[in-house]
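The structure appears below as structure tokens.
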Amino acid sequence: MKKKMSAIVAGGGIGGLATGAALAQRGWNVTIYERQAELRTAGAGIWVWENGLRVLEALGAYDDAVRGADRVLFSEIRDNNGRVIDAVQIPRHKRVINTKRSQLLMALRDACLRAGVTIVTRAEIVGATPRGEFQFAGGQTVRADLAVGVDGIWSRVRQSLNLELLHDQTLEGALRTIVQGKPGDFSAADENKGIENWNGQRRFLTTSINRDEIYLALTCPSTDQAGSNTDVDKGTWSASFPMWKHLIDRIGSDVTWGVYSTIKAKTWSVGHAAILGDAAHAQPPNLGQGGGTAMQNGLAIAVALEDVDDGRDIPLALEQWERRERPVIEHCQKWSQLYGEVAFMPDDVRAMAMRAAVNNPWVAEQVFRAANHIPTGTEHISSWAERAGIIMDEPVVAQNGPFKVKLESGRRYYWCACGRSKAQPFCDGSHNATTFIPIAFSSAEAKEAYLCGCKNSSNKPFCDGTHAKL
Ligand SMILES: Cc1cc2nc3c(=O)[nH]c(=O)nc-3n(C[C@H](O)[C@H](O)[C@H](O)COP(=O)(O)OP(=O)(O)OC[C@H]3O[C@@H](n4cnc5c(N)ncnc54)[C@H](O)[C@@H]3O)c2cc1C
């Protein structure tokens, strides 16, 4: 009979609960230790992209996590004059949901409890060993086949295992809060939008959570004393963003301030101990993926260990887990950091840089790579679009025959797949509102090529003669 393996998890946040639920669902005996007196998280919203939503589905927590929550249909960046710098329409076949953090946390907690996880609160872990041990603040120790530190940016587990490679804190931070929503808060054109306005080094993000609540994130450098005060200086924020004064005026006392961390670990595991979530790969929230990747990695570690029934195999399984998961998570971390770089540019330069970047399909591919990633352990879940009966778009025939082009050696091209681009046969971003994505390709040598114009070739991006049969 397969031996029941045991795991102890430090931290009952989004990542810790996802890890606990995923392991317990695979037959592990799991105990989560949380430092606080109860499971709780700052009262704000959180964007969960397609990758995180698939993880929630795999864990059986999706319905509870997003019940009543709004889908974000557009993500818009505006300059200090309210002019749109960038407007991304989330493709119809992709989801981004802005839910309440507390709702997400409770949904994960309930998934844990259904799977038989024990959750112990007021339990502060102060250290860990590669043998799979945790030490508590009171001096006691506990040991299991696996010890996972999901204890956030100041992870004691990471520090005690000497796994820290880098912990950078940004100069920027954010005030986060939720305000009551009222009819007329947004113009009809602004419904279901995540709108981020920039003014100097301040940013103001507004996005509705549900019918009654709106999530606000007010970002500024920590040296901005008036801006970073949790007793929010409504006058100064309204002066920066007069168009949102009606929301700023409603801010109450439940406001948190935090700077952003980037964390890299030498390795994610040593022996029978591992770290994940912010403890291992915290990133600035610019792409809204810190929580998504924490949940994603919690499920992934459980999948990597699901066939292990001899504790001696755990260290190797953990190494394989890291090799598989680290590239996509660090890619996301890098792009989230890069996005933050524009914060300190002058308004005009920033607007130009962002416009140029967001219209570049290669940049878009990098920025949305994590969101488009199919997380380990969710491969069996069919696409949401299919389940929602979203009919994938038909391509437009741009030309009933191939486009003859001269390709340069080593240059990256983006072939238009939707047929709607005005820069045929290449992408100009017109696919944004469709279910298509452009095909990236390059040629090792300079040569002429015939690129498909009817968009129905079986050898995309190249012509295979299909146009003759249309
Ligand atoms: C302003 C801002 C906006 C963000 N927006 C988004 C977003 O839209 N989408 C998104 O996906 N992510 C977002 N993030 C990132 C996201 O919040 C984090 O990546 C996510 O919370 C990480 O989850 P975690 O479980 O790893 O860590 P945490 O959420 O920090 O949880 C760690 C838990 O461990 C507990 N703990 C700490 N130390 C100990 C100890 N010694 N012993 C026991 N327990 C301990 C803590 O009390 C806590 O409950 C945002 C972050 C910020 C700062």
(request) Among the trypsin sites (Lys or Arg not before Pro) in the range 249-335, which ones are in a DSSP loop with at most 14 other Cβ atoms within 10 Å of the Cβ? Mind listing them? (result) LYS266
(request) Please list the non-local residues whose amide H lies under 5 Å from the amide H of ILE32, H modeled 1.01 Å from N, same-chain partners needing a gap of 5 or more. (result) VAL9, THR118, ILE119, VAL120
(request) Just rank ILE439, ILE46, fewest to most, by other beta-carbon atoms within 10 angstrom. (result) ILE439, ILE46
(message) Under the 0.36 nm per residue contour assumption, what length would be gained going from the current alpha-carbon distance of GLN180 and LYS266 to full extension?
(response) 26.6 nm
(request) With a 10 Å radius around each residue's Cβ, average the other Cβ atoms per peptide and rank 282-294, 61-73, highest first. (result) 282-294, 61-73
(request) Quick one: which residues, 5 or more positions from ASP86 or on another chain, have an amide H under 5 Å from its amide H? H modelled 1.01 Å from N in the peptide plane, none for Pro or chain starts. (result) ILE77
(request) Kindly put VAL232, VAL397 in sequence by how many other C-beta atoms sit within 10 Å of each C-beta, fewest to most. (result) VAL397, VAL232
(message) Can you compute the label reach from THR223? Point 7 Å from Cα along the Cβ direction, backbone N cut-off under 20 Å, restricted to the range 248-284.
(response) 258-262
(message) For the pair GLU445/ARG122, report the inter-label distance in nm, with labels modelled 7 Å from Cα in the Cβ direction.
(response) 7.5
(message) Need the list of aspartates and glutamates near LYS182 for cross-linking: C-alpha distance under 19 angstrom, and skip anything on the same chain fewer than eight residues off.
(response) ASP70, ASP190, GLU191, ASP212, GLU213, ASP249, ASP254
(request) Between MET243 and ALA356, take the C-beta separation as r, use R0 = 25 Å, and let me know the FRET efficiency to the nearest 0.05. (result) 0.50
(request) Would you mind ranking ARG202, ARG35, ARG211 so that the residue whose beta carbon has the fewest other beta carbons within 10 Å leads the list? (result) ARG211, ARG35, ARG202
(message) Suppose only helical runs count, i.e. DSSP H with n ≥ 4. What mean residue ellipticity at 222 nm does that imply for the chain under -39500 (n - 2.57) per run, divided by all residues and rounded to the nearest 500 deg cm²/dmol?
(response) -8000 deg cm²/dmol
(request) Name the residues whose placed amide hydrogens come within less than 5 Å of the amide hydrogen of THR256, ignoring near sequence neighbours (fewer than 5 apart) on the same chain. (result) ARG176
(request) Report, in debye and to the nearest 20, how large the dipole of the range 79-210 comes out about its Cα centre when Lys and Arg carry +1 and Asp and Glu carry -1 on their Cβ. (result) 360
(message) Taking θ = phi - 60°, what integer Hz values does the Karplus form 6.51 cos²θ - 1.76 cosθ + 1.60 yield along the range 285-301, in sequence order, with x for Gly and Pro?
(response) x, 4, 9, x, 10, x, x, x, 6, 5, 5, 4, 6, x, 5, 4, 5
(message) Which residue, GLY15, ALA302, TRP237, has the largest displacement toward the positive end of the dipole of the chain when charges sit on each Cβ (Lys, Arg +1; Asp, Glu -1)?
(response) ALA302
(request) Starting at the first residue of the range 58-66, write each ³J(HN,Hα) from the Karplus equation 6.51 cos²θ - 1.76 cosθ + 1.60 with θ = phi - 60°, in whole Hz, x for Gly and Pro. (result) 4, 8, x, 10, 4, 4, 5, 5, 10
(message) Which entries of LYS94/LYS422; LYS334/LYS404; LYS266/LYS460 have Cα-Cα distances beyond 31 Å here?
(response) LYS334/LYS404; LYS266/LYS460
(request) Based on the mean of other Cβ atoms within 10 Å per residue, sort peptides 381-391, 420-430 so the most packed one is first. (result) 420-430, 381-391
(request) Using only Cα atoms, locate the centre of the range 143-201 and the centre of the range 432-448, then give the distance between them in Å, rounded to an integer. (result) 34
(message) I need the peptides 171-181, 77-87 ranked by packing, meaning the mean over residues of other C-beta atoms within 10 angstrom, with the highest value on top.
(response) 171-181, 77-87
(request) Answer rounded, prolate or oblate for the chain, using the Cα gyration tensor with square roots of eigenvalues a ≥ b ≥ c: rounded when a/c is under 1.5, else prolate when a/b is larger than b/c, else oblate. (result) oblate
(request) Please give the FRET efficiency for ARG143 paired with VAL84, using the beta carbon to beta carbon distance and R0 = 35 Å, rounded to the nearest 0.05. (result) 0.05
(message) Quick one: 3J(HN,Hα) in Hz for the range 192-209, Karplus 6.51/-1.76/1.60 with θ = phi - 60°, rounded, Gly and Pro as x.
(response) 6, 10, x, 10, 10, 9, 10, 8, x, 9, 9, 9, 9, 9, 10, 7, 6, 8
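None of the figures in this text is laboratory data; all of them are computed from the coordinates on show. Keep in mind the model is a prediction, meaning the values are calculated, not measured. Positions of Cβ are generated from backbone atoms using ideal geometry, with glycine treated the same way; all protein chains shown enter the neighbour counts.
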